Ligand code: ADP
């Protein structure tokens, strides 16, 4: 029993906190040794003294205005931080827990005191750290927000650029159409007299300009994921032979030697012949451009592990190793070849790779470095056992002398087209609005109507439907002439009752074929 008491006394006396009891008037009834030791007093020195003397003035004020009312009303006061006066007059910050208890007819306040100095410092440090962390998080958040805003702006700018390129190339095509028609007229009229050379130069430059605009248009289709392929079985050997034939004048002009190795048997891929020819022509054109005059260009087509593999190798200016990875990016032009780019825009290879990818193929580049030539390899998956579609003859015949109604709100475009058709022996009538065309058609009885789509009153699709409704046009061959050449546009034209769809600038040979 005694031992138990001693243990309790010890526990009270040497507790890890200060313990004290006061009566309701603030007289200290008992206090443990821990508290005496903290205050620098001999054990028991506090007993019989007044709490009042232990508190500095501010703590006293706080105790009587805050703690005592709480003790009276609730019987407890928690988490109160005040200073106690130590023996030498220094202050000891403590945290209090107070409980008022009734003992018979008197009230006793039990005090538990915890040293708070360290806690202060710890809390301060914690606060500082947390503020620093919050600050850091805030800075990071602000940076993330800025990055996000910059990203959004960049994507919007990129989208605007793609849209701008699409619109620009489309708009540039419009004036090219009448220029091409006018030039074709001039070629027919003056192709054999003393103006032939001037007309030839005009023709070459116009072709070049048209090709640039076409490339821009195509590449914007690829970047906007709007390019559609018109797939059919294509014999790559025939396609490469045709492309080499087309590029022969350029090779000859630069005195290049072109060695062509084609397989005996056809190599058939499932592809869009026009697009694939574009790729091959680009590779041949680059080999010619980026090889000094008198160079050697090897073109080799072979079947390789289920693929048609075309290699175009030149002994030209070559490509530095560091640029091999970027050469297919849009608008990339390497410094050494810049003066040889001949007005290129750095679009060709980006377009070629985009087209190859759309065909589930690829284009690879190799070069041993500047001055050591380059090799481009186009790989396309082969389809086995497939008959190649018969080549359509494009040999121009004489067009029939037909009555052609030409409808275009661009007066120049309409007139040059009419002049050319007349040179073919056709009789033409012009209209610059859809309503005008509808008014002329019943008397003119057109055998062919060549309709622009963007007309001021209503569009060419609607005009085609209405013309089809007229007895006079029941058998008329309706041809749409538009700046837009996507599959969607062709479908719209078919749905409206058009027999054919031509993209501006109109290829005169294709038109000639349609008039036969
Ligand atoms: P462009 O020829 O219109 O500039 P391309 O996209 O076809 O655009 O080519 C991009 C760049 O790649 C060229 O400007 C040129 O620097 C480089 N290049 C392409 N083909 C070759 C080649 N056969 N030899 C050396 N450099 C080439």
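Rounded if a/c is under 1.5, else prolate if a/b is larger than b/c, else oblate: which is the range 165-309, with a ≥ b ≥ c the root eigenvalues of its Cα gyration tensor?
It is oblate, given that a/c is not under 1.5 and a/b is not larger than b/c.
Where a ≥ b ≥ c are the square roots of the eigenvalues of the C-alpha gyration tensor, would you call the chain rounded, which needs a/c under 1.5, or, failing that, prolate if a/b is larger than b/c, or oblate?
Verdict is prolate for the chain.
For 427, 8, 33, which order do you get if you count the other beta carbons within 10 Å of each Cβ and list the fewest first?
Lowest to highest Cβ neighbour count: 8, 427, 33.
In whole percent, what relative contact order does the range 1-115 give with Cα contacts below 8 Å and a gap of six or more residues?
25 percent
So for 506, 108, fewest C-beta neighbours within 10 Å to most, what's the order?
108, 506
What's the angle, to the nearest 10 degrees (0 to 90), between helix 460-469's Cα axis and the longest principal axis of the chain?
Rounded to the nearest ten degrees, it is 50.
Please give the residues of the range 98-115, grouped as numeric ranges, whose backbone N is less than 15 Å from a label point set 7 Å along the Cα-to-Cβ vector of residue 79.
98
Could you please state, rounded to a whole Å, how far the C-alpha centre of the range 250-327 is from the C-alpha centre of the range 431-455?
Measuring centre to centre over Cα atoms gives 46 Å.
For the range 82-205, calculate the relative contact order in percent as a whole number, restricting contacts to Cα pairs under 8 Å that are 6 or more residues apart.
11 percent
Compute the angle between helix 273-289 and the longest alpha-carbon principal axis of the chain, please, reported from 0 to 90 degrees and rounded to the nearest 10.
90 degrees
With a point put 7 Å past each Cα toward its Cβ, work out how far residue 422 is from residue 326 in nm, to one decimal.
5.5 nm
Divide by every residue of the chain the summed helix terms, -39500 (n - 2.57) for each DSSP H run of at least 4, and state the resulting mean residue ellipticity at 222 nm, rounded to the nearest 500 deg cm²/dmol. It would help to have the intermediate numbers written out before the result.
On the way: 15 runs with 234 residues, N = 516.
Calculated at 222 nm, the ellipticity per residue is -15000 deg cm²/dmol.
Under the classification rounded if a/c is under 1.5, otherwise prolate if a/b is larger than b/c and oblate if not, where does the range 57-179 fall, given a ≥ b ≥ c as square roots of the Cα gyration tensor eigenvalues?
Details: a/c = 7.61, a/b = 4.21, b/c = 1.81.
Note, shape of the range 57-179 comes out prolate.
Using Cβ contacts closer than 10 Å as the measure, can you line up 458, 328 from fewest to most? Let's see the in-between values first.
On the way: 458 14, 328 18.
Neighbour counts put them in this order, fewest first: 458, 328.
What Kirkwood Rh does the range 14-94 have if only Cα atoms enter the pairwise 1/r average? Answer in Å. Display every interim value, and only then the final one.
Numbers: mean 1/r = 0.0763 Å⁻¹.
Taking every pair of different Cα atoms in the range 14-94, averaging 1/r and inverting gives 13.1 Å.
Nearest 10 degrees is fine. How inclined is helix 236-253 to the longest principal axis of the chain, computing both from alpha carbons?
On a 0 to 90 degree scale, this one is about 80.
Tell me, what is the percent relative contact order of the chain, built from C-alpha pairs under 8 Å that lie six or more residues apart?
Taking the mean separation of contacting Cα pairs over the length of the chain, I get 10 percent.
A short reminder: the numbers here are calculations on the coordinates, not readings from a lab. Computed from a prediction, not measured in an experiment: that's the story for all the values here. Note: ideal-geometry Cβ built from the backbone for every residue, glycine included; neighbour counts use all protein chains shown.
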